[in-house]
1. Of the residues in the stretch 263-293, how many are in contact with a strand residue (DSSP E or B) (Cβ under 6 Å, 6 or more places away or on another chain) and at positive phi?
2. Within the stretch 129-147, can one find any residue that is buried (at least 19 other Cβ atoms within 10 Å of the Cβ) and over 23 Å from Ala102 (Cβ atoms)?
3. For Met221, indicate whether it is at pLDDT below 95 and not in a loop (DSSP other than H, G, I, E, B).
4. Considering the stretch 47-94 alone, what residues qualify as being outside any loop (DSSP other than H, G, I, E, B) and more than 22 Å from Val132 (Cβ to Cβ)?
5. Provide a single number: the residues in the stretch 65-118 that are exposed (fewer than 14 other Cβ atoms within 10 Å of the Cβ), touching a residue at least 40 places away in the same chain (Cβ under 8 Å) and of a type in the set (Gly, Ala, Ser).
6. Right, Gly44: assigned to a loop (DSSP other than H, G, I, E, B), in contact (Cβ under 8 Å) with a residue 40 or more places away in the chain, out of contact with any Phe, Trp or Tyr (no Cβ under 9 Å at 6 or more places or on another chain) and crowded, with 20+ Cβ neighbours inside 10 Å or not?
7. Checking Ser15 against (1) more than 17 Å from the chain's Cα centre (by Cα); (2) over 16 Å from Trp342 (Cα atoms); (3) in a strand (DSSP E or B): exactly one of these is not met. Which one?
8. Can you tell me which residues in the stretch 227-243 are touching a Lys or Arg at 6+ places or on another chain (Cβ under 9 Å) and either under 19 Å from Ser278 (Cα atoms) or without any contact (Cβ under 8 Å) to a residue 24 or more places away in the chain (or both)?
Amino acid sequence: MSGLNTKGTMGILRSGWSTEVGDYAIAGGWIEGGKALVVGDAAGGLYAFGGDSGETIWKQEGVHEGGMLACSIHPDGVVLATTGQDGRVLIWDATKGQIEKAIELGDGWVENVAWSPDGAWLAVSMSRKVYVFDADGSEVWCSDEHPSTISALAWSTSELATACYGQVSFFGAFSGKIQQRFEWKGSLVSMVLSPDGDVVACGSQDRSVHFWRRSTGEDSMMTGYPSKPSALAFDTRGLLLATGGGELVTMWSFKGNGPEGTRPHALSLHTLPVTTLSFAPNSMLLASGARDGSVAVWSLQSSGEGIPVGASVTTDAVSGLYWRPGNGALAGLDAQGGVTTWFVGP
C-alpha cells in the first residue's frame, strides 16, 4: 500500500510517497516523462506507480522465472526491457504493463540490459556473449565469447562497450565489429563512459578504478579504496567522476589536465559503503545511497568539492536512485522492497 513517506528528511529533500514491492527492489526508472515510476523486484515482479501519488497503476508478478536481474527504459519513456534468470528478454509497453516481445536466449542468466541513447538498439549480455537487437526486438548481431562473464554494458553514441575480466571492448552498434579494446589484468566489476564517449572508467575487484582515454590510448589508475568500487557516475558535462568503494563518495575532476596529478575530494556522510550514485541531468547535484540505508544529495563544484544539501533514510541498503525528469523528485529503491520518493526543492 502506498502512503506518505514519514521518514526523516533534511535540506532540499521533502517527504513524498512510499510503497513496497514483493521482494528486493532491483531496478527501475521513470516513464512517460515522470508520470510514473516502474520498479522490478528479485522475485520477478514488475510494478508501475503514479509519479505524484504512488498509487499502483499496474503490476505483473512472476514475469521472469527464478527472478528478475535488470531492466532498462527506452529513451521514449514508454517502452521497457527486462531480463532475468530464465534466459529471457522481455520488451514491454510500460504504460500498460503488457509484453510486446519475448526473446528466448536459452538457459542462463541475462544479467545486463541497456537501450542505446537514440533508442535504436537494445543490448543484453548472457554469460560471455553480448546480443544486440533492433527496436522491434529482432537480433542484429551476437558477439563471440568474451574471456569471462560480461560484468557491465555501456553505450556511446554509435558504439557498445562491454567489460569483463581482463578487458574492455568497443563494438560498432550495427556491425558488431570490434572497434577498440583495452586490456587490464584484473576483474572489472563496473563501468561508465563519459558523455562524449572518450573516457571509459571501470571499478576493479582489486579495489581500484582504472580508466582509459580512447582518443590517446592512455590509461591511469586510482587506488586506495577500502572495497571494490561498484558504483560509478559521470556528470552530464563529463567534468566529474563520482566513485564509491567505501563509505566516502570520492570525486575526481576531469577539468583541465585532471584527474592525473590531482587529489580527489571526499564527501563524507554515509556510515557503510556506497552502493549507488546518480547525477541529476544537466545539474551539479549528485545523489548517493549506501548499505546503511542513507541517501544524500550533494551540491558540487567543478573541482569536485561538495556539501550535502539534502539527506534521508530508507528501510535497508539502497539499491538504486533515479532522478525524475526535470529533477523535481528523486526515487530510491532498497533491499527490503521499499520504494521511497522525495520531492526536491527549497
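1. 1
2. Checked against the condition, which is being buried (at least 19 other Cβ atoms within 10 Å of the Cβ) and over 23 Å from Ala102 (Cβ atoms), the stretch 129-147 yields at least one hit.
3. Taking the combined requirement at face value, the residue satisfies it.
4. Listed by number, the residues that qualify are Tyr47, Ala48, Phe49, Gly50, Thr56, Ile57, Trp58, Lys59, Gln60.
5. Of the residues in that region, 0 qualify.
6. Taking the combined requirement at face value, the residue satisfies it.
7. That leaves (2) as the condition not met.
8. Across the stretch 227-243, the qualifying residues are Lys228, Pro229, Leu239, Leu240.
The values are calculated or read from the model by the stated rules, or taken from the named source; none is laboratory data. Keep in mind the model is a prediction, meaning the values are calculated, not measured. Note that each Cβ is placed from the backbone with ideal geometry, even for glycine, and that neighbours are counted across all protein chains shown.
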